[in-house]
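Everything on this sheet refers to the single structure shown next.
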Amino acid sequence: MIRLNLTATPEWLDLATGLRLLVAPLTTALMVSARADPAIEDLPEEAGQEDLALAMAKSVARRAVLDWEGVGDDAGNIIPVSPEGIDALLEIWPVFEAFQTQYVARGLLLDQEKNVSAPLPTGSSARASGTAQPAKRLAKTAPQD
C-alpha cells in the first residue's frame, strides 16, 4: 500500500548531531526539476555512478532544503542556506549518506511498495508452456526426530 502524505508540509531531518535540514516534500515536480539540472546534463559520458549520485543528490538538495540548523562557516558563524553551501555540505560523506537515506531513498522506496505480485510476462515468454515433466509419485515426508 502506498501511504499518501496529503499535508505536503516541509519537515525537519536530523542528519547528524546538531545538524538539521528543513526539506520540502519529495514530489515528482522536484525530482523532474532535479534531473533537468545542467550540472547533471553536463556530466561527461565517462562519469561513473558515484559522480551521478552526488550530482543528483546536490541537485535535489538545492531544490528541497528550505532552512538548516547547525551549519556555519570556518569561524563558526551561522550561515544562511545557499546553493554553494548545500553543495559543500553534501561533500561531507556522513551528511551525504544521511541525506540519501533519509530523504532521497525514502522517495525511491515507493517503487518497491507497488503491487506485491510479480509482473506479468511479456514478449515471447507470455504464452510459454512449462517444460518440466510431472512427478511420477509423491515425495516421501522427511523423517522427524
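How many residues, within region 26-70, are within 24 Å of Thr7 (Cβ to Cβ), in contact with a strand residue (DSSP E or B) (Cβ under 8 Å, 6 or more places away or on another chain) and not in a helix (DSSP H, G or I)?
Number satisfying all stated conditions: 5.
Given the residues Ala39, Ala8, Ala34, which is the only one that is touching a Ser or Thr at 6+ places or on another chain (Cβ under 8 Å) and loosely packed, with under 13 Cβ neighbours inside 10 Å?
Ala8
Can you tell me which residues in region 61-83 are more than 18 Å from Ala16 (Cβ to Cβ) and touching a helix residue (DSSP H, G or I) at 6+ places or on another chain (Cβ under 7 Å)?
Within region 61-83, Arg62, Arg63, Pro83 meet the criteria.
When region 69-86 is examined, which residues are found to be within 18 Å of Lys58 (Cβ to Cβ) and of a type in the set (Asp, Glu)?
Glu84 - this is the single residue of region 69-86 that is within 18 Å of Lys58 (Cβ to Cβ) and of a type in the set (Asp, Glu).
Read through the list (1) exposed (fewer than 12 other Cβ atoms within 10 Å of the Cβ); (2) more than 16 Å from the chain's Cα centre (by Cα); (3) at negative phi, then give the number of the only condition that Thr28 fails.
(2)
Here's the yes/no breakdown for (1) within 18 Å of the chain's Cα centre (by Cα); (2) without any contact (Cβ under 8 Å) to a residue 24 or more places away in the chain:
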position: Ala34; (1), (2): yes, no
position: Glu45; (1), (2): no, yes
position: Glu50; (1), (2): yes, yes
position: Ala55; (1), (2): yes, yes
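Read-outs: derived from the displayed coordinates by stated rules, not from any lab. This is a predicted model, so every value here is computed, not measured. Counting neighbours? That spans all protein chains shown, and the Cβs are built from the backbone with ideal geometry, glycine included.
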